[in-house]
1. From the list THR48, THR33, THR63, THR72, which one is over 26 Å from ALA158 (Cα atoms) and buried (at least 17 other Cβ atoms within 10 Å of the Cβ)?
2. Specify which of the listed residues (GLU18, GLU41, GLU26) is at pLDDT below 95 and either in contact with a Pro (Cβ under 7 Å, 6 or more places away or on another chain) or not polar (S, T, N, Q) (or both).
3. Would you check which residues across the range 188-206 are aromatic (Phe, Trp, Tyr) and away from the ligand (no atom under 11 Å from the Cβ) and list them?
4. Filter the range 207-224 for residues that are away from the ligand (no atom under 12 Å from the Cβ) and either acidic (Asp, Glu) or under 15 Å from HIS73 (Cβ atoms) (or both) and give the result.
5. Could you list all residues from the range 161-187 that are among the aliphatic types (A, V, I, L, M), outside any strand (DSSP E or B) and away from the ligand (no atom under 11 Å from the Cβ)?
6. Is at least one residue of the range 78-94 within 16 Å of the ligand (Cβ to nearest atom), touching a residue at least 12 places away in the same chain (Cβ under 8 Å), crowded, with 20+ Cβ neighbours inside 10 Å and in a loop (DSSP other than H, G, I, E, B)?
7. Are any residues in the range 149-159 within 14 Å of the ligand (Cβ to nearest atom) and out of contact with any strand residue (DSSP E or B) (no Cβ under 7 Å at 6 or more places or on another chain), and if so, which ones?
8. Answer yes or no as to whether ALA211 is touching a helix residue (DSSP H, G or I) at 6+ places or on another chain (Cβ under 7 Å), surrounded by fewer than 19 Cβ atoms within 10 Å (Cβ to Cβ) and in a helix (DSSP H, G or I).
Amino acid sequence: MTGGVSEMQEWFDIEELEPGLWAISEPHADSVTSYLLGGRERALLVDTGLGIGNIREAVEELTGLPLLVVNTHAHYDHIGGNRWFGGVWAHEAERERIQAGVPHEQLGALTNRDAFLVDPPAGFDGASFCIPGVPVTRTLAEGDVVELGDRTLEVIHAPGHSPGSICLWERQRRILVAGDVVYFGNIFACLPEADFSAYRVSLRRLAGLSAQIRLVLPGHGPTPLGGGDVCQIEEFFSLIADGRAEGRSCRTPWGPAQVYTSERFSVLLKP
Ligand SMILES: [Zn+2]
């Protein structure tokens, strides 16, 4: 099966950010980054990407440790590779959607060949592509701990992007795995399940940690970011909330929105 393995290496763009920490990105217009953290006893895969390449094969080339898999939230671009695992851990508020999966009809962008920046692996069939549901075998709540042996990550419930979005905080190494709560790019606070006020509260909490954060690992865009970048986003959300940022109307797949543009990111809100 070595042919399949090298094909996975071609599909995924894998970067070892530091010993025991890999960013696994995908060459697609809907690019997303998953992360692998190696501990002494277990390795943790945070999010499973689009599900176009076999992320399990890619990860097993990097570590031989038993794998835990966490979904930061249930959006299709973070749960696509769940199919290669028997179950995942996630927040209760995301459980139903992870277990339901996503039907082919809702995955238009993943079946459009023009969106692929390199050819998808040979086994990928856009015409029938869907994301099957998998069981959530452990629900994660605020303050829960994910133990990898010599590495411990605390769950921070950070709703706003979605109701059950979580971040993972590795206090010892000062790493925040941020999911879609923090990233540079288009920040879709206009999604039907998004909540701008809850998002602000979550960002304020994370900004409170920012002086302690060494690396922020975002779900999209450039990686890693730093603690100061969390503050930048938090401050811009405050400007918007106080009416001190100028927005303009735009259209999104979820309907009309207001877009507020900062230097390195934009925030899209329901009008
Ligand atoms: Zn998302």
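The values are calculated or read from the model by the stated rules, or taken from the named source; none is laboratory data. This structure is a prediction, so every number in the text was calculated from the model and none was measured. All Cβ positions, even for glycine, are placed from backbone atoms using ideal geometry, and neighbour counts span all protein chains on display.
1. Unique residue meeting the criteria: THR63.
2. GLU26
3. Hits for the range 188-206 are PHE196, TYR199.
4. Initially, the range 207-224 is screened for residues away from the ligand (no atom under 12 Å from the Cβ), giving 207-217, 221-224.
Within the range 207-224, LEU217 is the sole residue that qualifies.
5. Across the range 161-187, the qualifying residue is only VAL182.
6. Scanning the range 78-94, I find no residue that is within 16 Å of the ligand (Cβ to nearest atom), touching a residue at least 12 places away in the same chain (Cβ under 8 Å), crowded, with 20+ Cβ neighbours inside 10 Å and in a loop (DSSP other than H, G, I, E, B), so the answer is no.
7. PRO159
8. Working: touching a helix residue (DSSP H, G or I) at 6+ places or on another chain (Cβ under 7 Å): yes; surrounded by fewer than 19 Cβ atoms within 10 Å (Cβ to Cβ): yes; in a helix (DSSP H, G or I): yes.
Spelling it out, ALA211 is indeed touching a helix residue (DSSP H, G or I) at 6+ places or on another chain (Cβ under 7 Å), surrounded by fewer than 19 Cβ atoms within 10 Å (Cβ to Cβ) and in a helix (DSSP H, G or I).
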